[in-house]
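Asker: Below is the structure I would like to discuss, written out as structure tokens.
Nothing in this text is a laboratory measurement; each read-out follows from the coordinates by a stated rule. Computed from a predicted model, the values in this text were never measured in an experiment. Positions of Cβ are backbone-derived with ideal geometry, glycine not excepted, and every protein chain shown enters the neighbour counts.
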Amino acid sequence: MKISVLGSGSSGNCVFLETGRTRVLVDAGFGIRSLRRRCREAGISIEEFDAILVTHGHSDHIAGIPSLLKSSSAVLFMNEGTREEAYKLRGIERQELFCSGQPFSIGDLSVEAFPTPHDAAESVGFKFSAEGISGALATDLGEITPTVLKQLEQCDWLVLESNHDEELLKVGPYPWDLKRRVLGPTGHLSNRALAEFISRDFDGRAAHLFLAHLSRKNNDPELALASANTAVEQRPTTNGYHPLQVHLTYQNNPSIVLDL
Ligand SMILES: [Zn+2]
Ligand SMILES: [Zn+2]
């Protein structure tokens, strides 16, 4: 399975996932030209892809979808809440609805959506499995709920939000009501909350973690990376599992491509 975060942040999100027979994108917050450039830089091809899966209807996750699907036969997968909220996506012909907790397949890729606490209708994360490899993606969530935590178990790779440093956010340029929204239980996950997950709740199975949806104004990549790596060091010894490798993701460029 190949995974690359082609772009991540409040100006556009897209994750690429490939198995032996299937290629999908999770979200598409930017258009076809930007996507093609990122794929070139990552050394991957999306000339033919099977599906776009949508986490939620905020524009940084869906803005590029109508233009992408114009020149493709890929199917759009979303849930009813997103369809209701994202009127831009309603007119797209090839679409299928999924429900949280009901697994479905796209080619040889098994997918299960799970609810995330975020201020969008029916926002979700995804768990994927194929070829004996499993992974999960959860960004845009105010906290890691027990439901989310369950889905992060028994994964080989994780894409998780590390949105902001709480101190930088508090002294930063956002108006107070927006600060409160980001910090709240349906906002975005902080570096500290992610570090708590790594040091306390992570089951130790995954060998790779992508830090996603970093805020440009309220975070610093080095700070997010240091926070996660300190948490990795604080974990109890890892009973034969690989140590967790932490990878950054970027707003304007693709991350590394994992090939597991
Ligand atoms: Zn977002
Ligand atoms: Zn969002």
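Asker: Roughly what % antiparallel, to the nearest 5, for the DSSP beta bridges in segment 30-112?
Answerer: 35 percent
Asker: Give me the number: length gained by fully extending E80 to E47, i.e. 0.36 nm times residue separation minus the C-alpha to C-alpha distance, one decimal in nm.
Answerer: 9.1 nm
Asker: Same structure again: Note down the net charge around G184, summing +1 for each Lys or Arg and -1 for each Asp or Glu among other residues with Cβ under 10 Å from its Cβ.
Answerer: +1
Asker: Quick check on the exposure proxy: order C39, C99, C155 from fewest to most C-beta atoms within 10 angstrom.
Answerer: The fewest-first ordering by Cβ neighbours comes to C99, C39, C155.
Asker: With the Cα gyration tensor of segment 36-123 giving a ≥ b ≥ c as the square roots of its eigenvalues, does the rule (a/c under 1.5 for rounded; else a/b larger than b/c for prolate; else oblate) give rounded, prolate or oblate?
Answerer: Because a/c hits 1.5 or more and a/b exceeds b/c, segment 36-123 counts as prolate.
Asker: Work out the P(r) tail for the chain: percent of alpha carbon pairs separated by more than 25 Å, whole number.
Answerer: When every Cα pair of the chain is considered, 39 percent fall beyond 25 Å.
Asker: What spacing in nm lies between the two simple spin-label points modelled at C99 and E233, each 7 Å away from Cα in the Cβ direction?
Answerer: For C99 paired with E233, the spin-label model returns 4.8 nm.
Asker: In addition: Report the gain in length on full extension from Q154 to R192: 0.36 nm times residue separation, minus Cα-Cα distance, nm rounded to one decimal.
Answerer: 11.4 nm
Asker: Determine the alpha carbon to alpha carbon distance for each of K2/K70; K88/K150; K70/K217 and list only those over 30 Å.
Answerer: Correct reply: K88/K150; K70/K217.
Asker: Going toward the positive end of the dipole of the chain, with +1 on Lys and Arg Cβ and -1 on Asp and Glu Cβ, which of A113, S67, V148 do you reach last?
Answerer: Of the candidates, S67 comes out farthest on the positive side.
Asker: May I pose another question? So how far apart, in nm, are the two label points at E131 and D108 if each is 7 Å from Cα heading toward Cβ?
Answerer: 0.7 nm
Asker: What's the magnitude of the charge dipole for the chain around its Cα centre, counting Lys and Arg as +1 and Asp and Glu as -1 at the beta-carbon? Answer in Debye, nearest 20.
Answerer: About 600 debye.
Asker: Still on this structure: How many angstrom lie between the Cα centre of segment 198-236 and the Cα centre of segment 61-92?
Answerer: Cα centres, segment 198-236 to segment 61-92: 31 Å.
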